Amino acid sequence: MMVPVRCFTCGNVVGEHWEEFKARTQDGEDPEMVLDELGVERHCCRRMLVSHKDLVDIVAPYQ
Amino acid sequence: MAPDYDVEFIDRGDRDREARFLVRDVSPAFANGIRRAMIADVPTLSIDEVRVIENSSVMFDEQIALRLGLVPLTTPDDYEIGETVTLALDVEGPGTAYSGDLVSTDDRVEPADKNVPIIDLKDPEGSETPQRLEVEADAVYDVGREHAKHQGGVAVGYRHLQTVEIVGDADEYGDDDPHILRGVIEEDGELIPTEEFDHDLTQRYPGKEVEVHDVPNAFVFHVETDGSMSVDELVTQAVDTIHGRASELKDAVQL
């Protein structure tokens with residue numbers, strides 16, 4: 001649904017970086033470089049952003 | 001207890017949220033005590049109770065409350081355990097409600113990260129009014145032991161400081177596998193983070209056979225905070241809580 005606020009494993013706030021990550025990767029940037037630049041270092045936090053899919057738009061019509 | 005300990009910074013990250021420092025002459029038990037105190041005993045403010053005035057978004061009230069609870073809030077140090085601050089959020093779609101939209105009654109308390117999306121609000125076709133989220137929330141000052149959202153420290157840990165001893169030459173026709181070591185090594189009193197040689201000892205000591213030893217009672221702490229306070233405040237408050245409990249015990253036990 002919405003991006004998790006924090007990393008499930010370590011508790012770092014990852015939701016903060018989601019919109020920039022999404023915008024930049026959709027522009028064709030390499031996700032690896034984007035995450036490095038955003039300072040999302042640990043692989044537990046990286047998977048939170050890499051594996052996320054926004055589903056609000058899909059759910060919204062069925063309110 | 002070691003009376004003379006020594007603290008030395010190795011590196012500090014940006015925005016006061018990350019630091020690596022070396023502590024010498026403390027026992028392993030005390031080092032672990034500091035680590036645990038940083039995680040569980042330093043109180044922070046975090047949203048705990050949410051009064052929902054209107055929520056026509058696609059998420060349930062409970063889900064919204066959970067997300068709000070996880071947003072770190074900047075925490076002044078003059079609060080008492082259990083004290084509350086009221087925050088409010090009122091956003092109407094179409095658009096996204098962000099953590100930065102939270103308005104607090106105490107201007108020292110604000111979301112540490114302002115770009116965390118709470119919920120996407122739409123203006124659905126066929127509906128008379130756009131989706132809207134209006135809540136009033138109480139942030140409580142409490143310790144990480146009570147709930148993980150109150151933990152000020154994130155990924156707090158330590159390693160031994162290590163030394164590398166050259167014990168001879170490497171086998172001339174041996175396989176040239178890397179010798180990976182992560183942390184900080186000490187060489188003639190100089191501290192070298194292993195990033196400097198790509199965590200590979202064969203790059204720093206080519207053609208040598210080496211042995212790695214722990215330096216007794218020297219610990220390299222890596223501390224990150226979630227933004228509710230700076231690393232300095234987190235560490236000093238953690239040590240203060242240990243001090244407080246130790247003196248409490250001393251007063252309670254009378255021989």
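The values are calculated or read from the model by the stated rules, or taken from the named source; none is laboratory data. All figures in this text were calculated on a predicted structure; none of them were measured in a lab. All Cβ positions, glycine included, derive from the backbone under ideal geometry; neighbour counts span all protein chains shown. Remember, those area values only see protein heavy atoms, side chains included, never the ligands or the DNA or RNA. Shrake-Rupley method; radii C 1.70, N 1.55, O 1.52, S 1.80 Å.
In the set (1) open to solvent by less than 90 Å² (accessible area, probe 1.4 Å); (2) in a loop (DSSP other than H, G, I, E, B); (3) more than 8 Å from chain B (Cβ to nearest Cβ); (4) more than 18 Å from B:GLY13 (Cβ to Cβ), the condition left unmet by A:PHE8 is number (1). Condition first: more than 30 Å from A:CYS10 (Cβ to Cβ) and of a type in the set (Val, Ile, Thr). Can you find one or more residues in the range B:176-196 that meet it? Scanning the range B:176-196 turns up no residue that is more than 30 Å from A:CYS10 (Cβ to Cβ) and of a type in the set (Val, Ile, Thr). Of everything in the range B:201-231 that is among the acidic types (Asp, Glu) and modelled with pLDDT of 90 or more, the residue that is surrounded by the most Cβ atoms within 10 Å (Cβ to Cβ) is B:ASP226.
For the range B:197-230, filtering for residues that are of a type outside the set (Asp, Glu) and either farther than 17 Å from B:ARG159 by Cβ or without any contact (Cβ under 8 Å) to a residue 12 or more places away in the chain (or both) leaves 15. The residue pairs whose first member lies in the range A:36-57 and is farther than 16 Å from A:THR25 by Cβ and touching a residue at least 12 places away in the same chain (Cβ under 8 Å), whose second member is open to solvent by less than 50 Å² (accessible area, probe 1.4 Å) and of a type in the set (D, E, K, R), and whose beta carbons are closer than 6 Å, counting only pairs six or more residues apart or on different chains, are A:VAL56/B:ASP120. Only residues that are under 22 Å from the mean Cα position of the chain (by Cα), of a type outside the set (A, V, I, L, M) and open to solvent by 80 Å² or more (accessible area, probe 1.4 Å) were counted across the range B:74-109, and they come to 4. Among the conditions (1) at pLDDT 90 or above; (2) buried (at least 16 other Cβ atoms within 10 Å of the Cβ), B:VAL58 misses just one, which is (1). Among the residues of the range B:124-151, the ones that are more than 10 Å from chain A (Cβ to nearest Cβ) and open to solvent by less than 20 Å² (accessible area, probe 1.4 Å) come to 7 in all.
Scanning the range B:1-37 for residues that are touching a Phe, Trp or Tyr at 6+ places or on another chain (Cβ under 9 Å), aliphatic (A, V, I, L, M) and open to solvent by less than 30 Å² (accessible area, probe 1.4 Å) gives B:ALA19, B:LEU22, B:VAL23, B:VAL26, B:ALA31, B:ILE34.
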